[in-house]
Structure formats: structure tokens, C-alpha cells
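Everything below concerns the one structure shown next.
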Amino acid sequence: MGVGGVLLAACNKAAAPSATTAEPSSVAPPSADVALLERALASEVSIGLLYEQELMSPTIDPPTRARLESFRAHHRDHADAFRRALVLAGRPAAEVSPSPGPEMSSGHDPLPALSAAEDQLAKAHLVAAGRLSTGELAQAIAGVCGVEARHAAVLRSLAGEAAIPSPFLDRQ
Amino acid sequence: MRLAQAQKEDAAVLSAAIEREYEAAFFYRSVLGGSALGPSAALVQTIASDHDAHRAFLADVVSDAGIAVPAAKETYPLPLGLRDDAAVVRAAIDAEEAGLQAGLRDVSVLILPQHREGVAAIVAVQAQHVSLLRLTQGLDPVPRAFLADGLS
């Protein structure tokens, strides 16, 4: 089972609507898990938008562009997994709006902005791994966190920075 | 479940993680002390140092729970065919991936949030190790969107 399935299964177990309730999301407040997943989804959508914005930069060489497009696709996959989990939990993802991205000037180097955003996202997922109520959810988001951490390290490496500045993600 | 019991149960999981760190340390010490490594030596040294830090962190957690930290064995099995830089890097990729998949499983069974988060912080860095090792071989550094799908 992939992470999407794990998220689905775990969220279903933690926050599934009752069999007799057709529209549970309009009456029940989100569980803490659902709130964390909503935040994770919003962050994935946000960083996807940042990639869209940065990929418009004319200064990116073709190999780097291919790399960035691949990373953007990973974020779409992550967002899809969180979205499916939320829908199953009775919280339609349409309710979730991404947080606004930073304003960028034209002609700047996109790598530092993207590596900083990846680093921030990885750390947010890391905190969520500690707070989610089930081991399955914690494991699933830790798996997404690790991929964001990989993105950040590769982007730092491309930018000529220390790729792994600390042995622990939360201290990078 | 009472906190002391949770700490004890987590310490058992983390003790197994310490054993894996000993094995990783033995591998990296062996290749750093040998002659097979070439251009990847600096990266491998960094990774070895990271594992030392992981082991020390895990040992502190286990010790704080009042559990004896397991001792390292004198020797651990090494992969065969470590004859050049590329072979060592391939073996390191395998070792890192095995370690982080085990770490992900640990995250799913650990009880205390701070332990889950601590191990997840280590898993993420092991994933970074794999990416940088793959870059040295001209491989896609992040070929999958989810760690649970495998890294290579």
C-alpha cells in the first residue's frame, strides 16, 4: 500500500463519518488529525504554486528545469494523497485554500527560495509526524517529510551550499 | 498507558535502532579506513559523522528511559565487492535505504510524540544521504514521491 493508501486507511480509521451521516463535515469540527492534514495539503499546494512561479524564470538551465519539474510533480502527488485522505474523512479538500506565497522579483536565483520553502515544509511535516494520533499517519507523513528533505538537500547542493547542514532535520 | 511504560516500550524500539547505527558505523569506518574510496570520500565521511550523531542521540534517549544502552559488537558483516568508489557508494545507498525503511517502521510503532519526531528527523537525513550518494553516480536523486515506495 502506498502512502496515499496509508493516509486513506489511517484517516478513515481515525475520522470516518458514521454510516448514518451523509454530510458529516458540515456539523462535526475537524479532528486534530484532519486539521494537521489540511495544513499539510495547503502547504503542498502552496509550494506547488511557488514552483510554478519559479519555473517561469528565464535563468534556469534545462537540467535544473527538469529537476524542478520533477520535484513539482512530487508535490502534486503529495497533495493528491492528502486530498484523498481528507475527502474520505468527510472534509472536502475544496475547503482548503493554500497560504499565499512570497512575492518574488524577476531575475533572482530560484534555488535559494525553493530550498528554503522545501526545508520549511519538511520541518512542518516533521512536527506533524509527532502530533498525528496514529502510528500509521505518523509514518505516512514522515515518508513525505523525507522526500521534502531530499528536495531541500538537492536544491542546496545545486546552489553550491552545504547540502546536509546538520545530522538532524530539525536542526538544518 | 503510563509515561514510564511508554518510555520503556519506546526504548526497546530505539535500542534496535542503535544496533543498526552500530552496523552503519562499522561499514563506514571500514570503507574510510580502506583504499577503495575516491571522489566520494568526503561525502562518505560526512555521512559517517551523521550516523555517529544519530547513535549518540538514540543512546541518550534510551539511557534517559533508564534502560541500558546496548553495546556494539566487535564486527558486523560487510557487503562483498567493495573494490572501488562506485561499489562503495552503491553499498552505502543500499545501507542507507535499509536503515531509513527500518526507521519509518519505527515511527509507526513508537508511542511518545517526541520519539516519533526524533526518529523521523533521522529518517529524513538518511533520505538526504541517499539523494547525495545517487547524485555522485549521475542517478536521479529523488526518483520517487514517497519514501515508503522505496528510494532507488
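Compared with the dominant principal axis of the Cα atoms in chain B, helix B:3-33 is inclined by about 20°.
Between B:Thr46 and A:Leu55, the FRET efficiency estimated from the beta carbon spacing at R0 = 41 angstrom works out to 0.85. Computed about its Cα centre, the charge dipole of the stretch B:1-137 is approximately 120 debye, with only Lys, Arg, Asp and Glu carrying charge at their Cβ.
Mean-square fluctuations from a GNM of chain B, with a 10 angstrom spring cutoff on Cα atoms, peak among B:Arg105, B:Arg90, B:Arg20 at B:Arg105. Taking all Cα pairs closer than 8 Å and separated by 6 or more residues, the relative contact order of the stretch B:84-146 comes to 34 percent. For chain B, the longest principal axis of the Cα atoms and the long axis of helix B:85-109 meet at an angle of about 20 degrees.
Could you work out, residue by residue across A:158-164, how many beta carbons of other chains sit within 10 Å of that residue's beta carbon, and then give the average as an integer? All intermediate terms of the calculation are to be shown ahead of the outcome.
Working: counts 2, 0, 0, 0, 1, 8, 10.
Partner-chain Cβ atoms within 10 Å, mean over residues of A:158-164: 3.
Based on DSSP H segments of at least four residues, each scored -39500 (n - 2.57), chain B has a per-residue ellipticity at 222 nm of -24500 deg cm²/dmol.
With a ≥ b ≥ c the root eigenvalues of the C-alpha gyration tensor of the stretch B:1-104, is it rounded (a/c under 1.5), prolate (a/b larger than b/c) or oblate?
Details: a/c = 2.70, a/b = 2.53, b/c = 1.07.
It comes out prolate by the Cα gyration axes.
Every read-out reported here was derived from the displayed coordinates using simple, explicitly stated rules and does not represent laboratory data. If you're wondering where the values come from, they're calculated on a predicted model, not measured in any experiment. Using ideal geometry, Cβ is built from the backbone for each residue, glycine included, and neighbour counts are taken over all protein chains shown.
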